[in-house]
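Below is one structure, written out as structure tokens; comments come after it.
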Amino acid sequence: MGDENAIFKNGGISLNISKDALAVWKNHRQINARDHEKFGVIIGSCSEIKDEYWVESITTPFPNDRSTRYSFLLRDRNHQKAVDLAFVESGGTSIYLGTWHTHPELIPTPSLIDKMDWLSCIGKNPGRQLFFVIVGTKEIRVFVRTSFGFTKLIMES
Amino acid sequence: MSIQKHFNTFHDAIKLSKQDDAYKTARERDDSITNEVRNAFKDAGYPVIEDFIQGSISTDTAILKKSGDFDIDRAIVIDCDNAPDNCVKPKITLCENVLEKRGFQNAKIKKPCVTADYKNENLHIDFPIYRKNGAEYELAIGKRNADESNRKWEEADPRGLKDWIKDKSSYIGSASDKLSQFNRLVRYLKRWRDEKFSEGVAAKIHSIGITVMAKQCFSPSFDSDGKPDDLIALKTTVSAMLIHGYFTAKANCQYQVSVFLPKKPWRDIFDGSSVNTGTQFRNKLSTLEGKLQDAISETDEIEKCKILREVFGDDFPVPEKSNNSASTRKAIFSSSGAVGTSQGA
């Protein structure tokens, strides 16, 4: 985790995660018993034919957000500001690509609340491919919505 | 990533504006000379009634020269009633009573102006001198020893020319964006000239000539989201310049160039220019048109930039290949996406 880019694939889609984003996730893992959940939004771009996606940067919790060891509420407007700034600076290629959060478990699985929230994120961004990342203490899992529900992407070795 | 981003970087690298520190230093020098000109002209009996900056700085089309030199065009205006009949007289006053006294070894009286060089500071100032009658300007034309038949107060319209270049009234919708695109195109063309012609020939392809041609042939280009596309705009503008009638075919595939000032005295900016200048100008402009078309047709971003660097020189950026794939054409979106609130457990 964190030394070089990681590529996750599923069907015709690939997600390339920068090593900088991986390093942030590594540092935010809930390793200690009292660590709260960490979370943020994913900012990135995609190829014109929308088969390759790149995670370019991620946000981390801001003061108006809330979290406990087993839950989080992302509500600080700075997340949207970061997305808007990247969008303008990139000339329209960098956009909101989804959310990430941590789980205090080795190999994370999404809860029902997670999945309900992801559906709500998709509803707010019709027509956009979104990615949802959960950072476990050992592994990172990336999920996308398919016709079979939420499916995890496979990390290329 | 769109090619426009690279044009923006290129433009930032070559543009010279009034806000630039380097230009401000040059202006301080210019202001101190202008004050002395005012005193000397007052003593000579033809006080300065106004002075203003003309030239590319005043029309937002100035570029940094590769040599690092700066040009300032400072118009000095005296009242027609006080102006001597011999229009060379004030030019001699400026040269001898101001510039030579200040130690300018190479102050020169040229036909349309007096020039002074600050060699150590790469600063070059031109002083055109006008007399003003009501709202009409007349420029002092003539070299130092010109006899009566070779010197005259010639009608001119320096402010009208400036307004004509900056005019945006004919641009439909987002006129300011179109004028900015025009200004960028002129800067690209000037850098192309400095890059592609020998110094001697480049000096004969006058900036005002390029500016007038580009203004008359300007074809703005914006995408459906209103974002500028300078590559397309430049290509269509150059194509129009080639067929507008500025180049007259002569024997042996040679060309004469001629571009008339759109304001008084309506003269040919390239008056007296050789067929060699006209032929090189026309042929290199045609090559430029082809290269721009190649860049438009090329789909790989890095290859596109390489073609444009060949045209504009090293200030045009070429991105490096990387595994976050700057070379892949990226989708451009109309909005950033909605974050809203999110929760999880």
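The values are calculated or read from the model by the stated rules, or taken from the named source; none is laboratory data. Please read these numbers as outputs of a predicted model, since none were measured by experiment. Virtual Cβ from ideal backbone geometry, glycine too; neighbours counted across all protein chains shown.
Do you know which of the residues in segment B:314-341 that are of a type in the set (D, E, K, R) and under 22 Å from B:Asp225 (Cα atoms) is modelled with the highest pLDDT?
Among residues in segment B:314-341 that are of a type in the set (D, E, K, R) and under 22 Å from B:Asp225 (Cα atoms), the one modelled with the highest pLDDT is B:Lys330.
Just one of B:Val259, B:Val275, B:Val318 is in the same structural domain as B:His206 (by TED's automatic domain parsing) and in contact with a helix residue (DSSP H, G or I) (Cβ under 8 Å, 6 or more places away or on another chain); which is it? Steps first, please.
Details: B:Val275 fails: in contact with a helix residue (DSSP H, G or I) (Cβ under 8 Å, 6 or more places away or on another chain); B:Val318 fails: in the same structural domain as B:His206 (by TED's automatic domain parsing).
Going through B:Val259, B:Val275, B:Val318 in turn, just one is in the same structural domain as B:His206 (by TED's automatic domain parsing) and in contact with a helix residue (DSSP H, G or I) (Cβ under 8 Å, 6 or more places away or on another chain): B:Val259.
Search segment A:95-111 for residues being aliphatic (A, V, I, L, M) and within 9 Å of chain B (Cβ to nearest Cβ), and hand back the single one that is surrounded by the fewest Cβ atoms within 10 Å (Cβ to Cβ). Write out each step before concluding.
Keep residues of segment A:95-111 that are aliphatic (A, V, I, L, M), which gives A:95, A:97, A:106-107.
Next cut, within 9 Å of chain B (Cβ to nearest Cβ) only: A:95, A:97.
Working: A:Ile95: 25, A:Leu97: 27.
Applying the filter and picking the extreme gives A:Ile95.
Taking segment A:34-56, which residues are touching a residue at least 12 places away in the same chain (Cβ under 8 Å) and more than 20 Å from A:Phe143 (Cβ to Cβ)?
To start, the set of residues in segment A:34-56 that are touching a residue at least 12 places away in the same chain (Cβ under 8 Å) comprises A:34-46, A:50-56.
Once the filter is applied, which keeps residues that are touching a residue at least 12 places away in the same chain (Cβ under 8 Å) and more than 20 Å from A:Phe143 (Cβ to Cβ), segment A:34-56 yields A:Arg34, A:Asp35, A:His36.
Out of segment B:149-181, which residues are small (Gly, Ala, Ser) and either exposed (fewer than 14 other Cβ atoms within 10 Å of the Cβ) or not in a helix (DSSP H, G or I) (or both)? Spell out how you get there, then give the answer.
Narrowing segment B:149-181 to residues small (Gly, Ala, Ser): B:149, B:156, B:160, B:169-170, B:173-176, B:180.
B:Ser149, B:Ala156, B:Ser169, B:Ser170, B:Gly173, B:Ser174, B:Ser176, listed by residue number.
If you go through segment B:261-283 one residue at a time, how many are touching a residue at least 60 places away in the same chain (Cβ under 8 Å), part of a helix (DSSP H, G or I) and buried (at least 17 other Cβ atoms within 10 Å of the Cβ)?
Going through segment B:261-283 one residue at a time, the tally reaches 3.
Within segment B:109-120, is there a residue that is touching a Lys or Arg at 6+ places or on another chain (Cβ under 7 Å) and among the acidic types (Asp, Glu)?
no
Here's the yes/no breakdown for (1) at pLDDT below 90; (2) in contact with an Asp or Glu (Cβ under 6 Å, 6 or more places away or on another chain); (3) within 8 Å of chain B (Cβ to nearest Cβ):
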residue: A:Asp20; (1), (2), (3): yes, no, no
residue: A:His28; (1), (2), (3): no, no, no
residue: A:Ser57; (1), (2), (3): no, no, no
residue: A:Pro61; (1), (2), (3): no, no, no
residue: A:Arg66; (1), (2), (3): no, no, no
residue: A:Thr93; (1), (2), (3): no, no, yes
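Pairs please, first residue from segment A:71-90 and more than 7 Å from chain B (Cβ to nearest Cβ), second anywhere and buried (at least 20 other Cβ atoms within 10 Å of the Cβ), Cβ atoms under 6 Å, 6+ apart in sequence or on different chains.
A:Asp76/A:Asp65; A:Ala82/A:Thr59; A:Ala86/A:Ile43; A:Ala86/A:Ser94
Here is a yes/no grid of residues against (1) within 14 Å of chain A (Cβ to nearest Cβ); (2) at pLDDT below 95; (3) touching a strand residue (DSSP E or B) at 6+ places or on another chain (Cβ under 8 Å):
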| position | (1), (2), (3) |
| --- | --- |
| B:Tyr246 | no, no, yes |
| B:Tyr255 | no, no, yes |
| B:Ser286 | no, no, no |
| B:Leu292 | no, no, no |
| B:Ile302 | no, yes, no |
| B:Phe312 | no, no, no |
| B:Gln343 | yes, yes, yes |
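Provide a single number: the residues in segment B:39-52 that are surrounded by 15 or more Cβ atoms within 10 Å (Cβ to Cβ) and either free of Cβ contacts under 8 Å to residues at least 12 places away in the same chain or not in a helix (DSSP H, G or I) (or both).
The first filter runs over segment B:39-52 and keeps only residues surrounded by 15 or more Cβ atoms within 10 Å (Cβ to Cβ), leaving B:40-41, B:44, B:46, B:48-49, B:51.
Then keep just the ones that are either free of Cβ contacts under 8 Å to residues at least 12 places away in the same chain or not in a helix (DSSP H, G or I) (or both); that gives B:44, B:46, B:48-49, B:51.
Selection size over segment B:39-52: 5.
What are the pairs with Cβ atoms under 7 angstrom where one residue, in segment B:1-15, is part of a loop (DSSP other than H, G, I, E, B) and the other, located anywhere, is β-branched (Val, Ile, Thr)? Sequence gap at least six, or different chains.
Sorted first by the residue in segment B:1-15, then by its partner, the pairs are B:Met1/A:Thr93; B:Ser2/B:Ile332.
Name every residue in segment A:30-54 that is more than 7 Å from chain B (Cβ to nearest Cβ), within 20 Å of A:Val144 (Cα to Cα) and not charged (D, E, K, R), in order of residue number.
Result: A:Gly40, A:Ile42, A:Ile43, A:Gly44, A:Ile49, A:Tyr53.
From the list B:Ser221, B:Ser239, B:Ser207, pick out the single residue that is under 23 Å from B:Arg267 (Cβ atoms) and either crowded, with 21+ Cβ neighbours inside 10 Å or touching a Ser or Thr at 6+ places or on another chain (Cβ under 9 Å) (or both). Break it down into steps so the answer makes sense when it comes.
Working: B:Ser221 fails: under 23 Å from B:Arg267 (Cβ atoms); B:Ser239 fails: under 23 Å from B:Arg267 (Cβ atoms).
Going through B:Ser221, B:Ser239, B:Ser207 in turn, just one is under 23 Å from B:Arg267 (Cβ atoms) and either crowded, with 21+ Cβ neighbours inside 10 Å or touching a Ser or Thr at 6+ places or on another chain (Cβ under 9 Å) (or both): B:Ser207.
Are any residues in segment A:27-55 loosely packed, with under 15 Cβ neighbours inside 10 Å and of a type in the set (Lys, Arg), and if so, which ones? First the steps, then the outcome.
Going residue by residue through segment A:27-55, those that are loosely packed, with under 15 Cβ neighbours inside 10 Å are A:27, A:31-34, A:48-51.
Once the filter is applied, which keeps residues that are loosely packed, with under 15 Cβ neighbours inside 10 Å and of a type in the set (Lys, Arg), segment A:27-55 yields A:Arg34, A:Lys50.
Could you check, for segment B:65-86, whether at least one of its residues is on the phi < 0 side of the Ramachandran plot, buried (at least 19 other Cβ atoms within 10 Å of the Cβ) and either in a helix (DSSP H, G or I) or free of Cβ contacts under 8 Å to residues at least 12 places away in the same chain (or both)?
no
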